[in-house]
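For reference, the structure discussed in these notes is given below.
The values are calculated or read from the model by the stated rules, or taken from the named source; none is laboratory data. As the structure is a prediction and not an experimental result, all values here were calculated from the model. Cβ: placed from backbone, ideal geometry, glycine included. Neighbour counts: every protein chain shown.
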Amino acid sequence: MTTSDAQMIARAIQEALNGATLKALNAAAEAVRGGATSVDAVNAKMGADAPREVRNAVAALASNLGVLPAVAKAFEQATQRSTQTLDASVTSAETLSDAEQAAVVADLHGKYGEGLAVSFDVDQSLIGGLIVRVGDQVLDNSLRTRLSAVQRSMLNS
């Protein structure tokens, strides 16, 4: 299994867990807003399929169940931040064809997920290859960089 396959599976699991957790937290918050004052009443409202971690959190908050609505809201906001669109830029020495752009986008989506906005730029000084920037990560596979590395190596020898 490749690393990108493993990352894709991990993202799917995370999204499923986040969804189940958010559903359970919202049910717990609704129970509290509806007047539930005990852990048992909140657990009953969440249902049997609520994640164990959420049940444990509810039990830990037994003395202050009133914070559950705020916790549910904060979790929802954190989940939304983690699924926001990530910007990516691909810089090449010449304009990539539609097929080449589609292949690059498919590779990036496989590695970083579907929430990726990809833009393409041209910089003729690269000579060849690509520079890919995704968030704060940079992969510089340009011929200009490779030639500079060879030049530094020769000067250091």
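General remarks:
- Candidates GLY34, GLY19 - the one that is out of contact with any strand residue (DSSP E or B) (no Cβ under 7 Å at 6 or more places or on another chain), exposed (fewer than 11 other Cβ atoms within 10 Å of the Cβ), among the small types (Gly, Ala, Ser) and over 30 Å from LEU143 (Cβ atoms): GLY34
- Residue check for LEU116: more than 30 Å from ILE13 (Cβ to Cβ) and among the hydrophobic types (A, V, I, L, M, F, W, C): no
- Helices (runs of 4 or more DSSP H) within segment 41-157 that include 1 or more residues touching a residue at least 12 places away in the same chain (Cβ under 8 Å) and polar (S, T, N, Q): 68-82, 98-112, 143-156
- Of the residues GLY113, GLY135, the single one that is of a type in the set (Gly, Ala, Ser), at positive phi and loosely packed, with under 14 Cβ neighbours inside 10 Å is GLY135.
- Residue match in segment 42-55 (condition: closer than 30 Å to ASP123 by Cα and surrounded by 11 or more Cβ atoms within 10 Å (Cβ to Cβ)): no
- Filtering segment 80-101 to residues that are modelled with pLDDT of 90 or more and of a type in the set (A, V, I, L, M) leaves ALA88, VAL90, ALA93, LEU96, ALA99.
- Test: residue in segment 71-79 that is surrounded by fewer than 11 Cβ atoms within 10 Å (Cβ to Cβ), at pLDDT below 90 and either assigned by TED's automatic domain parsing to the domain that holds LEU17 or farther than 20 Å from GLY34 by Cα (or both): yes
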